[in-house]
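A.B. asks: Got a structure for you, written out below as structure tokens; questions coming shortly.
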Amino acid sequence: MSDTQRVLPPTAPPSYTESQFSPAPSVPTHQLAQAQTPSEAPPPYTPPTNPPYAEASSGYQRFEPVVVNQVEVLSIVRLGPDPCQVKCPSCQQQGLTNISYRAGVLTFLTAVLCFLFCIVCTFLPFCVSDLQDVAHYCPYCGYHIGTYTRM
Ligand SMILES: [Zn+2]
């Protein structure tokens, strides 16, 4: 038997305890990232201070709503047979109206009655101002304000 064929004593494998306490494998980088905690938390949220509002609210006084009537009340003047003191809706001037007489319903009715009794008196109502309507005009611009009718 030659030396080459001599069986070398087998090297003993590492014991169980040695294999268990082998150096730990390197920790993956992502685990390191998870382990790291932020050095410091962001500053807590502080609401903006608004002292002027508080002061204003303390001095605020509640008033009852006042309804202001913006609609201009048109002066409704009852026109009569005589000149009236009115405010012209056209030129906004105020003064006595100029009047003119017009034949109205009463004028024609009295004319018919006069025709039945006396033909000569037929046109008499057209000459009597008390039997005619009265038209009112503005003394400044001549605007026809209204007409007073007998009937
Ligand atoms: Zn006028």
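The values are calculated or read from the model by the stated rules, or taken from the named source; none is laboratory data. All values derive from a computational prediction rather than experimental measurement. Reconstructed Cβ throughout: ideal geometry from the backbone, glycine too, with neighbour counts over all protein chains shown.
A.B. asks: Could you tell me whether residue 132 is within 11 Å of the ligand (Cβ to nearest atom), touching a residue at least 24 places away in the same chain (Cβ under 8 Å) and of a type outside the set (A, V, I, L, M, F, W, C)?
C.D. replies: It is false that residue 132 is within 11 Å of the ligand (Cβ to nearest atom), touching a residue at least 24 places away in the same chain (Cβ under 8 Å) and of a type outside the set (A, V, I, L, M, F, W, C).
A.B. asks: In addition: Of all the residues that make up segment 105-151, how many are under 50 Å from the mean Cα position of the chain (by Cα), in a loop (DSSP other than H, G, I, E, B) and not aromatic (Phe, Trp, Tyr)? Before the answer, list the steps.
C.D. replies: Initially, segment 105-151 is screened for residues under 50 Å from the mean Cα position of the chain (by Cα), giving 133-151.
Next, from what is left, pick out any that are in a loop (DSSP other than H, G, I, E, B): 138-143, 149-151.
From the residues that got through so far, the ones that are not aromatic (Phe, Trp, Tyr) too are 138-139, 141-142, 149-151.
Residues that pass the stated criteria total 7.
Residue-by-condition table, conditions (1) under 19 Å from residue 144 (Cα atoms); (2) at pLDDT 60 or above; (3) more than 16 Å from the ligand (Cβ to nearest atom); (4) in a loop (DSSP other than H, G, I, E, B):
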residue: 63; (1), (2), (3), (4): no, yes, yes, yes
residue: 69; (1), (2), (3), (4): no, no, yes, yes
residue: 73; (1), (2), (3), (4): no, no, yes, yes
residue: 80; (1), (2), (3), (4): yes, yes, yes, yes
residue: 83; (1), (2), (3), (4): yes, yes, no, yes
residue: 95; (1), (2), (3), (4): yes, yes, no, no
residue: 100; (1), (2), (3), (4): yes, yes, no, no
